[in-house]
Amino acid sequence: MTNLIHASDIEILRKAGVLEDDIQHCIKVAQKAIEIAIRTGAEINMELVSRGALFHDLGKAKTHDMDHGKIGAEIGRELGLPRELTDIMEKHIRGGLTEPEAKELNLPVKDYTLRKLEERIVIYADRLVDIITDGIVTISKEIGAEEQFEEILTTIPKYGKNEVTIQRYLRYHREIQGLIEKEATAG
């Protein structure tokens, strides 16, 4: 699994100025995203999942504000990273904003919808890693974060943000867990 996470990519994060704590978060998100992608049994671009997860917070080299996704995508383009990676960086804020949400958050007004399963897996893994790292789950951290995901999102505002974001994350959770369950029963 970790052979999909390349030291050269981690070095890009360091050279860009991403703090070590943020790099460790990105590595955990990549590991979780890879693990989830494998469990779905779906036809998935594993390089996009692993690298998208690893680079999703590249913008934190410059800021931890709401526009770190936009800034990360700009840095990624300057570094010559593929568009599908910079798209993940730009669109990961709140799991893929609509145009009205982008306007409300003072981000460039456009559609940030996550169209690829790989993008949704990265965003789902990011939210799960936040929950696991914060110690929110009451049972086995890895399993508990997924099993308690809906409850955590709907009861702890930090993770759900607002009703639109909650519903978006819940759709991703249900879609991905549905794929995992289908794969488990097929195998």
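Rule-based calculations on the coordinates, nothing more; no lab input. Because the structure is a prediction, the values reported are computed rather than measured. Cβ sites come from the backbone with ideal geometry, for glycine too, and all protein chains shown count toward neighbours.
Starting at the first residue of the range 160-170, write each ³J(HN,Hα) from the Karplus equation 6.51 cos²θ - 1.76 cosθ + 1.60 with θ = phi - 60°, in whole Hz, x for Gly and Pro.
Residue by residue, the range 160-170 yields x, 6, 7, 4, 5, 5, 4, 4, 5, 5, 5 Hz.
For the range 7-125, what does the equivalent ellipsoid look like in terms of its semi-axes, each the square root of 5 times an eigenvalue of the Cα gyration tensor, given largest first in whole Å?
On the way: eigenvalues 83, 69, 27 Å².
Semi-axis lengths for the range 7-125 are 20, 19, 12 Å.
Between Glu147 and Ala7, what is the label-point separation in nm under the 7 Å Cα-to-beta-carbon projection?
Inter-label distance under the simple model: 3.9 nm.
Once you sort the root eigenvalues of the Cα gyration tensor of the range 51-177 as a ≥ b ≥ c, which label holds: rounded (a/c under 1.5), prolate (a/b larger than b/c) or oblate (the other case)?
Numbers: a/c = 1.82, a/b = 1.53, b/c = 1.20.
Here the range 51-177 falls in the prolate category.
Among the aspartates and glutamates, which fall within straight-line cross-link reach of Lys15, defined as a Cα-Cα distance under 16 Å, with same-chain neighbours fewer than 8 residues apart omitted?
Straight-line reach from Lys15, under 16 Å: Asp57, Glu74, Glu78.
Using a Cα-Cα cut-off of under 23 Å, which lysines could be cross-linked to Lys182, ignoring same-chain neighbours fewer than 8 residues away?
Excluding near neighbours in sequence, the set is Lys32, Lys116, Lys141.
On a straight-distance basis, which lysines could pair with Lys70 in a cross-link, Cα separation under 18 angstrom, same-chain partners fewer than 8 positions away excluded?
Leaving aside lysines fewer than 8 places away in the same chain, those within reach of Lys70 are Lys60, Lys62, Lys91, Lys103, Lys110.
So how do 27-39, 170-182 stack up, highest first, on mean other-Cβ count within 10 Å?
Values: 27-39: 21.8, 170-182: 15.9.
Descending mean neighbour count gives 27-39, 170-182.
Output the relative contact order of the chain, whole-number percent, from Cα pairs under 8 angstrom with separation of 6+ residues.
Numbers: 249 pairs, mean separation 38.1, N = 187.
That works out to 20 percent.
Can you run phi through the Karplus equation (6.51, -1.76, 1.60; θ = phi - 60°) for the range 86-99 and list ³J(HN,Hα) in whole Hz, with x for Gly and Pro?
Computed from phi, the couplings for the range 86-99 are 5, 4, 4, 4, 5, 8, 6, 4, 6, x, x, 5, 7, 4 Hz.
If packing is taken as the mean number of other Cβ atoms within 10 Å per residue, what is the order of 46-53, 57-64, highest first? Please report the intermediate quantities before stating the final value.
Numbers: 46-53: 23.4, 57-64: 20.0.
The densest-packed peptide leads the list: 46-53, 57-64.
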